[in-house]
Structure formats: C-alpha cells, structure tokens
C-alpha cells in the first residue's frame with residue numbers, strides 16, 4: 001500500500017551538516033517532504049568524513065548515510081555569485097530552510113532569516129546553534145560532548161564513585177533536531193492559517209536543559225541540592241532502590257520502580273524485608289541495592305524473571321544487539337529497511353519510528369553523492385532553459 005505522506009509537496013532546503021540539522025531534515029523527509037541538501041562542492045557535508053567506526057559505504061561514512069537517506073544533493077559555492085543566485089531561486093520556491101552554522105555565518109553570506117524572508121515570506125526558517133545567539137558561550141563549538149559537559153548531564157550517569165559519565169550517543173544533536181522539527185511543523189500549521197512563515201530557533205544546550213527538565217525542576221525547588229548518584233548500579237540519581245541493572249549468574253536483569261518488600265518476597269531475599277518503610281528505599285538505597293546485587297548473582301536471569309514477571313513486577317532482561325535483533329518482538333516491529341544508493345550500493349537502516357494511519361513510513365532511497373542532483377534541480381528551476 002502506498003501511503004500518502006503528510007508532508008508530500010513540501011520542499012525543504014537543508015544547508016546544515018553533521019547531525020543536528022540533518023537529523024531534522026531526515027524526519028521531514030520521512031514524513032514526505034522533498035529534501036535537497038545544499039553542500040559545498042569540495043567535500044560536501046563534513047559528516048561525510050565523520051566516522052563512528054572504520055566502516056564506510058560508497059565512499060562516505062556510514063554515519064552520513066544513516067542520517068542523510070532519502071534526500072537529494074545540490075553542490076553550490078555560496079561565495080560564488082552565480083551559485084548564490086541559483087540558491088536564491090531555490091529559496092524563493094522552498095517551504096522550509098534549515099541551517100546550523102555558527103552565529104554570524106549566514107549573515108555574512110546574506111542568507112540569514114531577515115534577508116530570505118524578503119524573498120519568500122511564506123518560508124519557515126529553522127536554525128540550530130550550540131548555545132543560542134547571545135551570551136558569553138555563543139561562539140563556543142557546538143559539539144555534542146562539550147554541550148553535554150556544560151549542561152551538567154554527565155553528573156546523572158555512572159555510579160557515585162565515578163567521574164562524570166557522558167551519554168554514549170550524540171544526544172544533544174538528536175534532541176535539538178527533534179525540537180527543530182516540532183517548531184517547524186508548528187510554524188507550518190500557523191502558515192496554513194495566516195499565510196506567513198516564521199523563524200524557528202533551537203540550541204543544543206537548551207535542548208539538553210529541556211531533556212533534564214524533571215530533575216532540574218527538583219533542583220530549582222529543593223534548596224539547590226545536588227543529584228546523589230547511587231554507589232551501587234546507579235540508573236537514575238533521583239530514584240530509590242531497587243532501580244538499576246544487576247548482574248545475574250548468566251547475564252543481567254533490570255529492575256525498575258517497585259516495592260522493595262514485595263521484591264524481597266518474590267526473590268526470597270529476606271534481608272531486604274527489614275526495610276518496610278518506603279522512605280528508607282532512598283535513604284538506605286545503596287545498602288538495599290548491595291544486598292540485591294549479591295542475591296541476584298546467585299541465579300540466572302531467566303529464573304529471576306520467572307518469579308517477577310508473573311507477579312507483574314517491573315523488570316526485564318538486558319539484551320545485547322544480536323539477541324535483540326533475533327527476537328520476535330523486534331522482528332514484529334519491522335524496524336529495518338533496505339536502501340540503495342544511485343551507484344547500486346545496498347545497505348540496511350533503521351526506519352522512521354512513526355506510523356501514519358497504521359502504515360510504516362518507508363523509502364528505499366539512499367543518501368546522495370555530492371551534487372548528484374545538480375542537473376535535475378537546475379533544469380527544474382530554469383524550466384529546462
């Protein structure tokens with residue numbers, strides 16, 4: 001069945017590179033928009049050479065391919081007057097424009113919002129910065145690990161005795177991209193009512209602060225107390241025992257929020273029955289978790305799950321990727337899709353996680369080569385002249 005995707009007919013120009021902006025345009029492409037990357041002729045998007053392993057595909061990093069599938073590429077030197085005139089003609093026809101350069105770069109090129117708004121008042125202009133466009137950090141490099149470090153986030157991860165531990169993913173980039181999509185879609189809805197476009201601004205830092213809104217709200221209202229990571233199998237600095245991942249005789253088991261005394265009965269762990277007061281599940285968190293750690297190591301994960309799951313106690317196995325990919329639960333989601341580049345290279349990627357009217361949003365179109373669609377797009381702009 002060919003689903004009519006909700007953003008079909010919209011044109012998105014993506015001037016961004018690396019992860020944050022391209023992740024936003026990827027989601028818009030998944031939802032049906034036509035996305036054209038505007039890249040430098042000499043090397044294109046710098047993400048083409050940003051490797052997260054020593055593996056590459058069709059001459060570019062697998063990271064680039066994963067985040068730029070289902071897009072077209074036009075190469076243009078934005079300092080060249082002819083190329084800039086061509087880009088302007090595209091902007092005049094576009095619905096959305098995305099960029100994530102440092103503050104001031106697009107102003108020098110004459111492609112900042114106030115300039116392009118005059119060419120196309122219906123344009124929704126999305127931009128991502130590292131730390132916003134004002135303040136003492138505005139010119140700092142907007143790199144994910146650096147933003148994580150400045151946001152305080154690493155102090156929530158790892159155990160109490162460890163140094164700050166960052167997330168093992170580019171979480172600032174991904175959240176900023178998601179927030180940009182939310183703002184763009186909101187402006188497109190408003191445009192449908194008023195006919196006018198708008199400017200959508202997000203920053204990596206603000207996205208990570210929003211990501212921490214629950215715990216930061218607590219900090220802002222509890223007298224400024226700092227997060228206290230558990231010294232035993234910490235999984236959330238603000239949650240009581242038994243919350244965490246524990247080693248078993250043959251693997252690991254995750255325990256979420258739940259009654260410590262009920263857990264003790266189900267596991268046959270009499271030692272933690274001495275803590276019936278829920279307040280102690282936090283004040284004596286490490287003591288309780290240490291008892292659980294030693295007790296859970298005595299049997300297999302399957303044995304513990306067979307006791308806990310029938311009682312609807314919140315728990316789970318801790319899967320490796322191979323075990324996950326082989327599991328029927330994963331297969332039933334149909335989370336992978338096969339893609340092919342214009343050179344015939346075939347590869348597998350994770351699909352868009354959204355369903356529309358019960359249908360998956362799939363596309364077999366791989367990431368483009370630099371300037372792959374120059375001739376096609378220029379012909380469209382000039383009407384074949």
| What's the center-to-center distance, using Cα atoms, between the range 78-113 and the range 333-385 in Å? | 23 Å
| task | Measure nothing but the geometry: give the 0 to 90° angle between the long axis through the Cα atoms of 20-30 and the longest principal axis through the Cα atoms of the chain, rounded to 10°. | result | 80 degrees
| With axes computed from alpha carbons, what is the tilt in degrees of helix 81-93 against the longest principal axis of the chain, rounded to the nearest 10 within 0 to 90? | 70 degrees
| field | Relative packing of 258-271, 166-179, which averages over residues the other C-beta atoms within 10 Å, highest first | value | 166-179, 258-271
| query | So for 246, 313, fewest C-beta neighbours within 10 Å to most, what's the order? | reply | 313, 246
| task | Could you tell me the distance between the Cα centroids of the range 243-316 and the range 22-42, to the nearest Å? | result | 46 Å
| request: Using only Cα atoms, tell me the angle between helix 285-296 and the longest principal axis of the chain; keep it within 0 to 90° and round to the nearest 10. | output: 80 degrees
| field | the chain, helix-only ellipticity at 222 nm - DSSP H runs n ≥ 4, -39,500 (n - 2.57), divided by all residues, nearest 500 | value | -10500 deg cm²/dmol
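Once the Cβ-Cβ distance between residue 134 and residue 306 is put in as r, and R0 is 35 Å, what FRET efficiency do you end up with, to the nearest 0.05?
On the way: r = 57 Å, r/R0 = 1.63.
Result of the calculation: an efficiency of 0.05.
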| request: Using a cut-off of under 13 Å, list every residue of the range 28-43 whose amide N is near the label point 7 Å from the Cα of residue 80 along the Cα-to-beta-carbon line. | output: 39-43
| request: Please give the contour-minus-distance gain from residue 220 to residue 380: 0.36 nm per residue of separation, less the Cα-Cα distance, rounded to one decimal in nm. | output: 52.2 nm
| remark: the chain, Gaussian network, Cα under 10 Å: of 330, 211, 86, the residue fluctuating most is 330
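Please compute the length gained on full extension between residue 119 and residue 273, using 0.36 nm multiplied by the number of residues separating them and subtracting their Cα-Cα distance. Write down the numbers at each step before the final one.
Values: separation 154, 0.36 × 154 = 55.44 nm, distance 7.06 nm.
Here the segment from residue 119 to residue 273 would lengthen by 48.4 nm.
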| said: Cut-off 10 angstrom, C-alpha nodes, Gaussian network model of the chain. Which of 62, 217, 348 fluctuates the most? | reply: 217
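Every number here is computed from the coordinates shown, using simple stated rules; none is lab data. Keep in mind it's a predicted model, so treat the numbers as computed, not measured. Neighbour counts run over all protein chains shown; Cβ positions are idealised from the backbone, glycine included.
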